[in-house]
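The values are calculated or read from the model by the stated rules, or taken from the named source; none is laboratory data. None of the values given here were measured: they were computed from a predicted structure. Counting neighbours? That spans all protein chains shown, and the Cβs are built from the backbone with ideal geometry, glycine included. These accessible areas exclude ligands, DNA and RNA; they are computed on the full protein's heavy atoms, side chains included. Shrake-Rupley method; radii C 1.70, N 1.55, O 1.52, S 1.80 Å.
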Amino acid sequence: LVWNIILWCHGMDTDLRSMIVNPHQFKPSRLDQLKVRRSFISSGFCVKAGERVEIIDSSVGYAVAVNGGVKLHHSMIRPYTYVTESLYDNGNNSTDEFRSDRLLWDELVGVVHAVLIGLSFI
């Protein structure tokens with residue numbers, strides 16, 4: 001919540017319901033190119049030079065790169081993806097409302113799972 005306010009003060013068009021895992025990944029010169037609403041953005045997110053990027057009701061996975069001018073609405077972007085064109089729906093016909101807490105929980109479960117697998121090799 002605090003980081004959303006700080007990013008907003010630096011020029012990012014964001015709301016308080018969005019979850020940004022690593023706010024340090026954004027360059028100050030590119031903050032005004034992002035519009036984020038009710039979305040989850042994981043670490044390693046990168047915006048290529050170009051026009052304004054909109055991320056609304058979406059989940060962006062780890063190490064995703066997005067071209068300028070792309071609009072992501074109601075989409076789930078997998079990790080290590082390079083998005084070159086706008087996406088408006090992922091075909092998920094779920095009636096559940098988009099929830100940042102659910103996305104955060106899924107990310108947390110994934111991290112715990114990865115740590116447990118990593119520890120099993122020690």
Cβ contacts < 6 Å: first residue closer than 14 Å to residue 34 by Cα, restricted to the range 55-69; second residue buried (at least 24 other Cβ atoms within 10 Å of the Cβ) and not β-branched (Val, Ile, Thr), any location; separation 6+ or different chain. Result?
55/39; 55/72; 58/39; 58/72
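Restricting to the range 37-56, give me the number of residues that are assigned to a loop (DSSP other than H, G, I, E, B), at pLDDT 85 or above and within 21 Å of residue 84 (Cα to Cα).
Initially, the range 37-56 is screened for residues assigned to a loop (DSSP other than H, G, I, E, B), giving 38-39, 42-45, 48-52.
Adding the requirement that they be at pLDDT 85 or above leaves 38-39, 42-45, 48, 51-52.
From what is left, the residues that are within 21 Å of residue 84 (Cα to Cα) are 39, 42-45, 48, 51-52.
Residues that pass the stated criteria total 8.
Listed here are the residues, each with its yes/no results for (1) in a loop (DSSP other than H, G, I, E, B); (2) hydroxyl-bearing (Ser, Thr, Tyr); (3) at pLDDT 90 or above.
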position	(1), (2), (3)
11	yes, no, no
29	no, yes, no
32	no, no, no
35	no, no, yes
85	yes, no, yes
97	yes, no, no
101	no, no, no
111	no, no, yes
Scan the range 1-22 for residues that are under 22 Å from residue 48 (Cβ atoms) and either buried (at least 16 other Cβ atoms within 10 Å of the Cβ) or among the hydrophobic types (A, V, I, L, M, F, W, C) (or both) and report the count.
6
May I ask you to verify whether residue 36 is free of Cβ contacts under 8 Å to residues at least 60 places away in the same chain, loosely packed, with under 14 Cβ neighbours inside 10 Å and not hydroxyl-bearing (Ser, Thr, Tyr)?
no
Hits in the range 42-69 (condition: open to solvent by 20 Å² or more (accessible area, probe 1.4 Å) and either in contact with an Asp or Glu (Cβ under 6 Å, 6 or more places away or on another chain) or aromatic (Phe, Trp, Tyr) (or both))
62, 68, 69
Extreme residue, farthest from residue 108 (Cα to Cα), among residues of the range 57-78 that are β-branched (Val, Ile, Thr) and part of a loop (DSSP other than H, G, I, E, B):
70
Which condition number does residue 74 fail, the rest of (1) open to solvent by 80 Å² or more (accessible area, probe 1.4 Å); (2) farther than 23 Å from residue 85 by Cβ; (3) not polar (S, T, N, Q) being met?
(2)
